[in-house]
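See structure below.
Any read-out appearing in this document is the output of simple, stated calculations on the displayed coordinates, not a laboratory observation. Being a predicted model, the structure only gives us computed values, none of them experimental. Methodologically, a virtual Cβ is constructed for each residue, glycine included, from the backbone with ideal geometry; neighbour enumeration extends over all protein chains shown.
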Amino acid sequence: MEAIVESIASRQDRTIKVTIGTQEVDSDIAAKLFHFRGNYIKLLISDSNISPMEEALIDETKIKDARKLKTKSQRLRAVLYRLWEQNGSNGEFDLFYDNYMEGLIENIKSQLDN
């Protein structure tokens, strides 16, 4: 598909946003494009014709989900933050977090064999 790069912008997370405009497309191609929204895709950008070898290399490349997935500890901290908010946001969150984690650690330690 032929297209034009309309804009390029840097983001705070150090990624790049590229906006591409196409020529008019029929409804089947438009539906395929909308299907890609929010998904990781392979994209080959070239200002010359793409060779069969280049096309094959792209087809063979496995897509890796590059989203920064949160670690379990980051997820726990985020959930505790929501709990702190729902309980009225009393005091500083860091103090709430420290106290909650200490309680959790002590609870787990009490389940260990001496």
Whole-Å semi-axes of the ellipsoid equivalent to the chain (Cα gyration tensor, √5λ, descending): 48, 19, 13
Student exercise, the chain dipole from Lys, Arg, Asp, Glu Cβ charges, in Debye to nearest 20: 380 debye
Residue (of ALA78, LEU95, PHE34) at the positive-pole extreme of the chain, dipole from beta-carbon charges: LEU95
Segment 26-114: chymotrypsin sites (Phe, Trp or Tyr not before Pro) falling in loop per DSSP and having at most 13 other Cβ within 10 Å: TYR40
Given charges at beta-carbon only (K, R positive; D, E negative), |dipole| of segment 61-114 in Debye: 700 debye
